[in-house]
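**Student:** Attaching a single structure in structure tokens format; questions to follow.
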Amino acid sequence: MTKTPASSQKIKASEEHALKSEEKIPFPVVGIGSSAGGLEALELFLKHVPYPCGMAFVIIQHLDPTHKGIMVELLQRETAMPVCQVSDNLEIEPDHVYLIPPNQDMSILHGKLFLLDMVKPRGLRLPIDFFFRSMADDLKQHSIGVILSGMGSDGTLGLRAIKEKGGGVFVQDPASAKFDGMPRSAIDEGLADVIVPAENLPSKIIAYVKHLPVILKPALTIEEQALSSLKKIIILFRTQTGHDFSLYKKNTIYRRIERRMGIHEIEKISTYVHFLQTNPQEIELLFKELLIGVTSFFRDPDAWEILKKDGIPSILASRPSGGIIRAWVAGCSTGEEAYSLAIVFREVLATTKHPGNFKLQIFATDLDKNAIEKARTGIYPSNITADVSAERISQYFEKDDRGYRITRAIRETIVFAPHNVIMDPPFSKVDILVCRNLLIYMEQELQKKLIPLFHYSLNPGGILFLGSAETIGYCGQLFQTLDSKARLFRHMHQAERAEYVDFPASFTHPLHDSSTLPVTQGKPMTSDLNLSTICDKLLLQYYTPAAVLTNEHGDILYISGRTGNYLEPAAGKANLNIFAMAREGIGYELNILIRNVLREKGEISKTGVAVGTNGGTKIIDLTVRLIEKPDSPKNMLMIVFTEVAKKTAENLDQNPVADFNDRRLASLAEELKQAKEEIITIREEMQTSEEELKSTNEEMQSANEEMQSTNEELTTSKEEMQSLNEELQTVNHELQSKVTDLSQANNDMKNLLNSTDIATLFLDDELNIRRFTNRTSSIIKLIASDVGRPITDIVTELQYPALLEDAREVLHTLVFSEKQVSASNNRWFSVKIMPYRTQENRINGLVITFTDITVAKKLETSLREIEKSFRFVIDTMPVAIIVHQAEGCITMTNQEAERITGISMKEMLGKNIADLGWKLLKADGSELPPEENPVVDALRSGKTINGVVIGIIHAQDRKTRWIKISNSNRLQDEEDKNSHLFTTFFEINNPNS
């Protein structure tokens with residue numbers, strides 16, 4: 001069993017919180033999340049918050065767990081509000097700033113801040129998401145989330161929870177943020193209500209708070225406030241978007257509208273209606289806000305574990321031969337639950353042994369096209385580690401620059417498509433249907449239509465997986481409850497699957513299995529009746545008691561014998577229900593007997609029941625038996641009427657009236673006893689029974705109307721074909737999108753490679769040609785048909801016989817190779833051989849690049865020849881030459897300088913004059929101080945020196961050599977960046993000459 005990380009556990013409202021839900025914080029609480037570069041943004045933010053403002057600010061910052069920071073002191077300089085670090089169980093007060101301490105997670109409950117130890121002291125931690133989620137659960141629509149500068153995507157999931165609860169989301173403009181990772185992540189997810197620089201956020205929040213509903217005063221009902229305006233907005237929605245929200249919960253829609261009014265600082269909803277009429281873009285924004293839904297990987301992990309343990313294995317067990325398991329995820333949003341289902345299915349196959357080969361095919365749909373596009377990419381931020389275990393991350397995700405990418409094996413099992421579950425045809429013949437937290441936004445009337453629709457889509461025995469706050473309602477007869485807490489239900493009643501379906505107007509044709517059609521009595525197969533048939537008919541006619549066959553609701557399915565003494569048609573509309581047709585005296589007994597049989601199973605009888613018939617009374621025995629054959633419908637009942645009046649009459653005494661009264665009193669006493677036993681249960685079930693009877697009556701009326709259609713089977717086939725066509729179109733759309741993306745990527749890569757003007761050759765593992773650029777054809781004689789041929793079969797202009805060996809060596813060692821190779825026409829190329837790595841980091845061939853270095857080679861040869869000539873001239877000159885760098889380091893000398901100084905050229909190179917140990921003399925024979933050295937002076941001042949005579953002590957024979965500096969001049973390049981001192985001198989005999 002895969003464990004869910006502890007960090008994914010939210011702070012949920014307890015039962016005590018539910019009982020005290022009316023205890024709201026009487027002032028706004030603003031949660032502020034920031035990371036890298038956030039200190040500067042926080043200072044700007046707090047500097048522009050007026051004091052007092054009546055709000056509390058809770059700052060969640062990514063802090064070093066081992067370092068004691070000074071952020072409290074830094075922020076206190078920017079605001080008059082008290083700034084403090086949070087301690088556990090700290091009560092929030094207005095006009096205060098609270099800062100999360102290092103190495104702690106923080107949550108809020110009933111106006112108090114609670115600290116929890118970090119699960120991971122290092123690595124990816126998500127304190128902002130953690131706090132925002134708890135704030136959304138605790139404050140609901142009064143929560144306000146702010147995202148400032150920061151790296152990564154922490155806070156995005158928390159903002160989604162705030163947005164879903166109807167709270168406000170304010171984000172710093174990425175252009176003004178030092179690090180725009182966190183603000184841009186929130187904006188890209190479409191969660192931001194206001195996007196402005198940090199210094200402008202406080203004024204926007206204050207204006208928003210002023211237009212929030214008054215927290216302490218009870219809100220007026222929608223009917224009293226603005227029902228007419230709300231309907232007008234729904235009409236505007238339907239006109240512009242084509243989607244009908246009339247059956248969505250009015251309170252939910254109104255809460256979203258009220259929030260948008262606060263963003264635009266609009267007081268009256270009638271004014272907002274006019275604003276929508278003049279701003280179609282606002283309709284789109286409000287429409288997207290209505291579609292905002294909180295979703296995450298493995299939401300409610302306990303429910304997913306039950307699906308993994310009980311639900312999916314039961315479906316696999318029903319198909320020992322294997323096959324394709326079809327699933328439909330309705331309202332998939334950005335795809336997390338669709339991918340969760342695919343992962344859980346893989347884990348079930350990996351942990352259980354099945355003889356068949358199974359394949360999963362998931363259809364994931366949603367009304368929001370933007371969410372579908374995001375789901376198709378399969379890329380999610382790094383903070384999903386709060387909901388996905390490390391084992392699942394490593395097995396089913398790949399690290400990407402933008403976060404984590406779903407592996408290709410999981411992605412290819414899912415088809416994403418836009419779909420309106422209310423208006424569009426449903427997917428049919430699915431084994432698993434996941435619809436979590438979609439029904440909670442819909443009115444009861446719409447739920448009563450969708451649940452039978454889901455029943456129609458499922459195969460017999462299929463699994464329906466609902467959200468934690470959803471149920472199947474009045475359609476309990478369609479599903480068997482697998483786990484009520486996990487909201488897992490199993491499909492049942494295949495024979496009655498279509499009679500409960502009330503399809504939308506866009507596809508209103510009734511859907512029926514042929515098994516639901518009434519059986520028409522036709523002509524017998526033969527006219528010859530044998531003796532056995534005659535005997536059976538006579539026995540049934542004269543000796544077998546009257547009986548009827550009913551379902552659990554008392555609807556008569558079959559009548560045997562004459563039942564006129566016990567049943568009679570009720571006045572009014574025809575009604576073949578045994579409770580409506582029962583004669584006086586047996587209706588109550590039938591009700592009790594049927595209830596007991598359905599509860600206790602088996603057979604129950606009641607003797608001595610008096611029934612009124614045409615002004616008289618008959619005594620009968622009633623027997624009710626539950627039919628429990630495998631091939632019969634569930635809860636079918638056989639009711640037998642046995643008349644005992646004649647037998648009883650023989651035993652009457654001479655006072656028949658008194659004897660009848662005694663029996664009647666005994667019967668009434670028995671009835672009273674049974675009534676007392678049943679009265680408690682009946683009272684508890686009365687309300688539910690009335691609702692179920694009303695629902696059953698509506699369903700029966702719908703079924704009767706459907707059965708009047710003579711083309712029912714044809715209509716069913718048509719609807720199934722429409723659904724199949726929808727699935728094919730979805731698959732086709734998905735494939736077309738993939739082909740377009742692949743074609744675009746291929747064109748981009750081709751243009752990129754050709755525009756670099758670098759010849760590039762791609763080889764596979766067998767050194768066969770896979771792809772090449774146009775420039776390659778000028779080096780290796782390649783044409784389009786050469787793709788797939790070995791590189792050794794192609795003629796090349798390179799003089800590189802070791803190409804094949806080097807390529808194999810790179811494949812073996814994975815170490816790239818680079819060589820300079822000559823070619824025909826005096827050309828030179830730098831040939832670089834590198835391994836070809838896929839996105840999965842697998843080696844799948846080689847990449848060889850050929851860079852033309854002919855010009856560089858020619859320049860190199862020319863420079864070498866010039867250097868050789870220059871060296872020859874220098875060495876043959878009759879004067880000594882020494883070249884210094886600007887710093888005084890000797891870079892060049894000649895043989896004459898070596899002769900005069902007695903120091904070899906090898907010793908002089910790279911040294912300063914002072915390092916050579918020369919002893920210099922003036923013309924009069926006295927020693928020359930180092931600071932008066934003319935060469936050093938020329939290096940320092942840049943002056944030109946001519947005709948200076950100095951003496952040098954020869955390094956070998958220690959005799960004085962008198963030299964005359966004929967020239968000491970500075971040489972500079974064209975850009976005047978590098979400077980060299982070029983000094984020439986020659987030996988003289990007399991220093992005074």
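Let's see how each residue does on (1) on the phi > 0 side of the Ramachandran plot; (2) at pLDDT 90 or above; (3) of a type in the set (A, V, I, L, M, F, W, C); (4) under 18 Å from the mean Cα position of the chain (by Cα):
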{"residue": "ASN383", "(1), (2), (3), (4)": "no, no, no, yes"}
{"residue": "ASP400", "(1), (2), (3), (4)": "no, no, no, yes"}
{"residue": "GLU412", "(1), (2), (3), (4)": "no, no, no, yes"}
{"residue": "ILE432", "(1), (2), (3), (4)": "no, yes, yes, no"}
{"residue": "ARG436", "(1), (2), (3), (4)": "no, no, no, yes"}
{"residue": "LEU453", "(1), (2), (3), (4)": "no, no, yes, no"}
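**Student:** Could you check the range 370-406 and list, in sequence order, the residues that are more than 12 Å from GLU336 (Cβ to Cβ), surrounded by 17 or more Cβ atoms within 10 Å (Cβ to Cβ) and of a type in the set (Lys, Arg)?
**Tutor:** Scanning the range 370-406 gives ARG376, ARG392, ARG405.
**Student:** Is it the case that GLY145 is modelled with pLDDT under 85, more than 16 Å from SER296 (Cα to Cα) and out of contact with any Pro (no Cβ under 6 Å at 6 or more places or on another chain)?
**Tutor:** no
**Student:** Still on this structure, I have one more. Between a residue in the range 134-156 that is closer than 11 Å to GLY166 by Cβ and any residue that is of a type in the set (Ser, Thr, Tyr), which pairs come within a Cβ distance under 6 Å, given they are 6 or more apart or on different chains?
**Tutor:** Matching pairs, first to second residue: ALA136/SER143.
**Student:** When the range 298-353 is examined, which residues are found to be basic (Lys, Arg) and under 15 Å from GLY467 (Cα atoms)?
**Tutor:** Residue satisfying the conditions is ARG299 alone.
**Student:** Going through the range 45-54 one residue at a time, which ones are modelled with pLDDT under 90 and crowded, with 18+ Cβ neighbours inside 10 Å?
**Tutor:** CYS53
**Student:** Also, quick follow-up: Working only within the range 805-836, note down all residues that are loosely packed, with under 14 Cβ neighbours inside 10 Å and in contact with a helix residue (DSSP H, G or I) (Cβ under 6 Å, 6 or more places away or on another chain).
**Tutor:** Matches in the range 805-836: none.
**Student:** Condition test on ALA880, is it surrounded by 12 or more Cβ atoms within 10 Å (Cβ to Cβ) and in contact (Cβ under 8 Å) with a residue 60 or more places away in the chain?
**Tutor:** Yes, satisfied.
**Student:** Could you identify the single residue in ILE945, ILE950 that is among the β-branched types (Val, Ile, Thr), in the same structural domain as GLY888 (by TED's automatic domain parsing) and modelled with pLDDT of 75 or more?
**Tutor:** Among ILE945, ILE950, only ILE950 is among the β-branched types (Val, Ile, Thr), in the same structural domain as GLY888 (by TED's automatic domain parsing) and modelled with pLDDT of 75 or more.
**Student:** Would you mind telling me which numbered condition in (1) within 21 Å of the chain's Cα centre (by Cα); (2) crowded, with 23+ Cβ neighbours inside 10 Å ILE312 fails?
**Tutor:** Single failed check for ILE312: (1).
**Student:** I'd like to know if the range 343-357 contains one or more residues that are in the same structural domain as THR413 (by TED's automatic domain parsing), acidic (Asp, Glu) and under 26 Å from ARG376 (Cβ atoms).
**Tutor:** Within the range 343-357, one or more residues are in the same structural domain as THR413 (by TED's automatic domain parsing), acidic (Asp, Glu) and under 26 Å from ARG376 (Cβ atoms).
**Student:** Among what's in the range 315-339 and is free of Cβ contacts under 8 Å to residues at least 60 places away in the same chain and not aliphatic (A, V, I, L, M), pick the residue that is surrounded by the most Cβ atoms within 10 Å (Cβ to Cβ).
**Tutor:** SER333
**Student:** Quickly run through the range 783-795 and pick out the residues that are modelled with pLDDT of 85 or more and either among the acidic types (Asp, Glu) or closer than 20 Å to THR854 by Cβ (or both).
**Tutor:** Passing the criteria: none in range.
**Student:** When the range 378-399 is examined, which residues are found to be in a loop (DSSP other than H, G, I, E, B) and either without any contact (Cβ under 8 Å) to a residue 60 or more places away in the chain or acidic (Asp, Glu) (or both)?
**Tutor:** Result: GLY378, ASP387.
**Student:** Here are some residues: PHE179, PHE170. Which one is free of Cβ contacts under 8 Å to residues at least 60 places away in the same chain, buried (at least 19 other Cβ atoms within 10 Å of the Cβ) and touching a strand residue (DSSP E or B) at 6+ places or on another chain (Cβ under 9 Å)?
**Tutor:** Answer to the check: PHE170.
**Student:** Can you tell me which residue within the range 791-818, out of those that are touching a residue at least 12 places away in the same chain (Cβ under 8 Å) and polar (S, T, N, Q), is nearest to ARG837 (Cα to Cα)?
**Tutor:** Looking at residues that are touching a residue at least 12 places away in the same chain (Cβ under 8 Å) and polar (S, T, N, Q), I get SER817.
**Student:** Here's a check for you: in the range 62-96, which residue that is among the polar types (S, T, N, Q) and within 28 Å of LYS210 (Cβ to Cβ) is surrounded by the fewest Cβ atoms within 10 Å (Cβ to Cβ)?
**Tutor:** GLN76
**Student:** Can you name every one of the strands (runs of 3 or more DSSP E) wholly within the range 95-165 that holds 2 or more residues which are over 22 Å from PHE45 (Cβ atoms)?
**Tutor:** 104-109, 112-117
**Student:** Looking at the range 573-592, is at least one residue touching a residue at least 12 places away in the same chain (Cβ under 8 Å), within 19 Å of LEU626 (Cα to Cα) and among the charged types (D, E, K, R)?
**Tutor:** Yes - at least one qualifying residue is present in the range 573-592.
**Student:** Given the criterion in the same structural domain as THR623 (by TED's automatic domain parsing) and either at pLDDT 85 or above or not in a loop (DSSP other than H, G, I, E, B) (or both), identify the matching residue among ASN575, ASN591, ASN565.
**Tutor:** Checking each option against the conditions leaves just ASN591.
**Student:** Out of ILE343, ILE315, ILE406, ILE362, I need the residue that is modelled with pLDDT of 90 or more, out of contact with any His (no Cβ under 9 Å at 6 or more places or on another chain) and under 20 Å from PHE427 (Cβ atoms). Which one?
**Tutor:** ILE362
**Student:** May I ask you to list the residues in the range 739-773 that are part of a helix (DSSP H, G or I) and surrounded by 13 or more Cβ atoms within 10 Å (Cβ to Cβ)?
**Tutor:** LYS750, LEU753, ASN754
The values are calculated or read from the model by the stated rules, or taken from the named source; none is laboratory data. Source: prediction; values computed, not measured. In this analysis, Cβ positions are derived from the backbone assuming ideal geometry, glycine residues included, and neighbour counts consider all displayed protein chains.
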